[in-house]
Structure formats: C-alpha cells, structure tokens
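> Questions regarding the structure given below will be posed in turn.
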Amino acid sequence: MKILSYLLVYRRFLLIVLTPLLLLPLPLIIKTKEAECAYTLFVVAIFWLTEALPLAVSALIPAFMFPLFGIMGSKEVASAYFKDFHLLLIGVICLATSIEKWNFHKRVALRMVMLVGVNPAWLTLGFMVSCAFLSMWLSNTSAAAMVMPIVEAVAQQIIRAETEADALEMPCSNGSINPALELDENIGECESSDWKEKEKQVNGYDNNVGSTVCITEKENEKEKEQQNLPPAETGRKSREDKYSGIFKVMCLCVAYSATIGGLTTITGTSTNLIFAEHFNTRYPGCQCINFGSWFILSIPITVIILLLCWVWLQWLFLGFDFKNMFKCGKKKTAREEASAQVIREEYKKLGPMSYPEIVTLVLFILMTLLWFTREPGFIPGWSSLFPKYKGYATDSTTALVIGLLFFIIPAKTFSRTSNGENTVFGYTPLITWKEFQSCMPWEIAILVGGGFALADGCEVSKLSEWVASKLTPLGSLPLWLIILISCLIVTSVTEVASNPATITIFLPILSPLAEAIHVNPLFILIPATLCTSFAFLLPVANPANAIVFSYGHLTVMDMVKAGLGINIIGVAVVMLAIMTWIVPIFDLYTYPSWAPNIPSTNSTGL
C-alpha cells in the first residue's frame, strides 16, 4: 500500500519521465524524419492530454527537439511561436482589459436581464443572452466569472424573499438562524474560492474544483440538522427545496452560454483563433476565413444551440410550462419581485455611464465595424483602399490600432470644482501595461505557438504527406459520416483535455485527411473546430464549468445529465449547418484551387 501511495503522489513525475523513454524506440528503429517528428508529436500530445506539465511548458518541447533531430533550424522553429494570431490576441485583450476595469460588462449583463423580465424562464434566457454576448468579445472564463456573481445575488435575494414570506406565516422558534444571512456569508467565501479556481486554471496545474469544500462542509452539517426539524421547519425546508431547480438552471445557463457565445466570433475563443491561423498558414491562397465570414456562418449555429439549450435545461429541471411563460398580466410572485428588485438595485449602483465606459463602448463598436467591413465579400471593403498592398492588412491590424488607443486615450477628464476652477488630474490612460499583463493569457499564446511549430515540423518532415497517404481509404465512406466521426472524436477528447490542446492536435491530422479524400478542407475543419468547444459534461472540462460548479448549487451528476444533452444538440446543429447554409458560403462541394491537388481514389458519397 505504501508503494501504491508513492506511485500516486509521483504519478505526474513518472509520466513525464516514462513517456519519452517508452516512445524512444520509434525514432531509434525507424530512422526517418517522419518517425522523429511523430515521436515529438506523440510526446507533446500525451503531455497536453494528461497535463503532466503545464500546457505552455509542453508547447516548448518542439523548440529544442526539432533542432536536435535536424527537422528544422532553431531560428525557423522560433519564428513559428509568434504569428499574426498573437497580434490579434493582444488587440482583443486590450479591449477586454478596459471592459473589465471599468465594469462595462456588468452594465451590459444587467441591462439585458432587465429587458427580458423576471419570469424564471425569461430571466434564465436573459442571463444566457448577456453571458453569450460577453463571451463573443471576452474569454469564456471571464464571461462566466463576470455574470455568475449577478446570478448568485439574484438567487440569494430569492431565498431571502421566501424566508421573509415564511416569517409572516409562522413564528420563528427561539434561537433560529436566519438562512438569508447565513447564505450571504457563504457568497463571499465562495466568490473568493471562485477566483482561486480561475487562477489555478490559468496556471495549468490544478483542474480539481477544490473550492467546493466551503459548500459541502456546510451541506453535511445541514443534513444532520434536518433529521431533527419540527414539522413547521420541515414544511419551510420543502418550500426551499422547490426552488433549487431554478438555481441549477441559472448556474448551468451561465456555464453553457459562456461556451456557446464564444463560437460566434473568430476572436470569441482560442480554438477559433487557432483554427484561423492554422488555416491561413497552411492555405495562404485562400482569404475566405475572416471575422465577417466566420460570423455569418456561426451566428445561426449559436442562436439555435442557445435556444435549444435553454429549452433543454428548462425541461430537465423545471418542466416547460408554456402557459405560464407566455401568460400576460400575471401577478408577480415573491420570487419574481425579489429578482427584479435585486437587478434594479445592482443597476442603480452603477450610476450613469462614466467617461471611460463611453470611450470603451465607442472603441468596441469601432473595432467591430472595422472587422466586418475589411472584406465583407458582397461589397468592396476598406482594404480595397490599398490595392497595391492586397492581403497585407488583416483582422490583427484593426485589433492593434484600436488596442493602441486604449494606452493613449486618458481615463479622466477635467472636472470643475465649486468655485468654477478646473481640477487637473495626472495623465492615466484607459489601461496600463500592468493591467494588460494581468489579463493576457500568455499560456494560450505559447500553447498556440507550439501547435504552429508542430504543424510546420509535420510539413517539413513530410509526416503530413505520410498521414494523408494512409487516410486515403477513408474516401470510400460517405462524407457526412466522415464529418460526424471527426466531430464525435473531437467532442469526446475535449471533455478530458483542454480545448486549445485538442484543436492543436487534430488540425494537422484533419487537414491531410481532407486533402487525401479530395474534399474541401473547410468541410471537415469547420465542424471539428466548433465541436472542440463542446466541453459541457464535467466541472473540470473547462474553466467556465469549474467557476459555476464552485458556487455549490450543482452536483457532478447535474452537470453530466445536462451536458450530455447539450453535446448531442451541439453536434446535431453543427452537422445541420455544415450540410446546408455553410455550403454556399464557401462553395464546399467544389475542391478549391488553393488546396493541394493530391492524386486520390476518392469515391466519397454525399
């Protein structure tokens, strides 16, 4: 038993040491560049999937293994670690930093919730729409972390309202505890745990949701107390349990909508950015993937999945009562009044829009408009103003120009004192470099660079050509089945591995597959990229799930039960999209001239 305990303690170290040693016969026996590149790929992939090392550290392995194997020079490998993707990411993080610093995200979330009303079903939809909108422009983790405290405040206000209603109906026994106050204390504890969890996820070491300890200990104590409750207290407890369903739905809707919203824009999640950079690097002759084209193909997918997710969660935990949902003029319950009150109070605390918020909003709108109008497709975009430099300006150009303005525009204006004089403030920009650094996901930046280095190594060593030749027999399968199989594999792997690592591993495999069977690469790469984000099953599947789970309203089985349905919905909607409205956008049934023309025995059936 002692040996077993030692093995468990040092399992990460053993995995780091044994993986390269056990795979070493591959390059030693098969002395080819393809085998040496495959060895590097396998070692990095295993480390990424198991997270034995931090993701960014594993991503640096090709930087020294490729030069040692003679696959690529050190300078060539180093150039792969900083691409156009990184410049785009820097510009987007400048915007996200300003939004978070000046609390603009909270104003947007509260305003959207106020628009849809406080009926439980519509309130849930309001949280979903606001969280999805935020995750289009911010990281999914940030969107969930921003909206979840608002959801928790609404939940606690509902409990407080029910407690006050109970107090009017029955006298409280002497020495009774006010559950509203007790829960208020729990909020603070769990919010701090939430941010600790977020930091662990960013560092890449700990995927366990240890912050739920603060909830589970109190739940165990409460279960013991419930056994000796008087009948009146038992009735009150049953009424409280009746509302646990709405809390579960509100929590899950934040976790899932943060992920779903990220699908919409090319900058919404790291997997989309990784795909765009990989695609543009592998197929430089194709300029069809940009912010506008991605938005057009993905916005219907996002809307459909979001609505079906809302219906699924309502039916699973609350039952879908259309009569009460759409009934007009119905008197609000105590719960609905409490929800409306806390949302109004939170919004009132924000006060009128401040000068930094207005500037952030203007720059946000300007960045979005410039992205959409660079190459809209149906009309000439602003990039046509530079005909001599076609293809020079990309989405990263816009992001950097706007991002630079956040470091230039002052955060404060002159203000007048009571005697009419101007008060001069010290010059401070909207964001500082230290604030930007705290928001910049350097781990993702290095991880993506490692993926690009692996992709370049596969090309130089001819490993990708070897893989393509072995995948050619798959052309005998129907195209829809090939796409479905790739989607299901990617969706399964991303539940246990990080989304960026999953897409980085599969893109260099799926691209040669498409070329080998003589199919437009976008036909396979787009669905696989979208399905990589479908990590809905487990609390540790992605940081957004972990943040929501840490509040203690959910069990693992709640998330598995709900997430399985969302996974099925997501894959089904993506399959519908890729076989219908996405086809004419990119002319998918035609093998493009920008893709390599590999001799093929393709007999793919449609």
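> Show Tyr427, Tyr551 ordered by accessible area, largest first, where the area counts protein heavy atoms only and the probe is 1.4 Å.
Tyr427, Tyr551
> Just report the Cα centroid separation between segment 18-78 and segment 292-316, whole Å.
Centre-to-centre (Cα) distance: 39 Å.
> Out of the total accessible area of segment 494-555 (probe 1.4 Å, heavy atoms of protein only), what percent is carbon and sulfur? Can you show the working numbers first?
Numbers: 700 of 890 Å².
About 78 percent, which is the carbon plus sulfur part of the accessible surface.
> Further question: What accessible surface, in Å², does a 1.4 Å probe find on Cys458, ignoring ligands, DNA and RNA and rounding to the nearest 10?
10
> For a quick check of understanding: with a 1.4 angstrom probe and all protein chains in place, what accessible area in square angstrom does Asp587 have, to the nearest ten?
90
> If you rank Trp137, Trp48 by how much accessible surface each has, with a 1.4 Å probe, what is the order from largest down? Present the calculation step by step, with values, prior to reporting the outcome.
Details: Trp137 25, Trp48 0 Å².
Accessible-area ranking of Trp137, Trp48, largest first: Trp137, Trp48.
> Accessible surface of Val460 in the full protein assembly, 1.4 angstrom probe, to the nearest 10 Å²?
80
> Turning to a different aspect of this structure: Efficiency by 1/(1 + (r/R0)^6): what FRET value for Val560 and Ile30, r their Cβ-Cβ distance, R0 = 56 Å, to the nearest 0.05? Provide the component values of the computation, followed by the final result.
Details: r = 42 Å, r/R0 = 0.74.
Calculated value: 0.85.
> Starting from the Cα of Ile379, step 7 Å along the direction of its Cβ; do the same at Thr432; then give the gap between the two resulting points in nm.
Going by the 7 Å Cα→Cβ label model, 4.3 nm.
> On the accessible surface of segment 23-62, probed at 1.4 Å, how many percent belong to carbon and sulfur atoms?
Details: 1310 of 1630 Å².
Reported share for carbon and sulfur atoms: 80 percent.
> Can you sort Trp382, Trp371 by solvent-accessible area, 1.4 Å probe, largest first? Walk me through the numbers before you get to the answer.
On the way: Trp382 60, Trp371 5 Å².
The ordering from most to least exposed comes out as Trp382, Trp371.
> Sorted by average packing, counted as other Cβ atoms within 10 angstrom per residue and highest first, what order do 429-441, 23-35 take? Could the numbers behind the result be given before it?
Details: 429-441: 16.0, 23-35: 13.5.
Order by mean packing, descending: 429-441, 23-35.
The values are calculated or read from the model by the stated rules, or taken from the named source; none is laboratory data. Only a predicted model underlies this, so the values are computations on that prediction, with no experimental measurement involved. All Cβ positions, glycine included, derive from the backbone under ideal geometry; neighbour counts span all protein chains shown. Just so you know, the surface numbers come from the protein's heavy atoms only, side chains and all, with ligands and any DNA or RNA stripped out. Shrake-Rupley method; radii C 1.70, N 1.55, O 1.52, S 1.80 Å.
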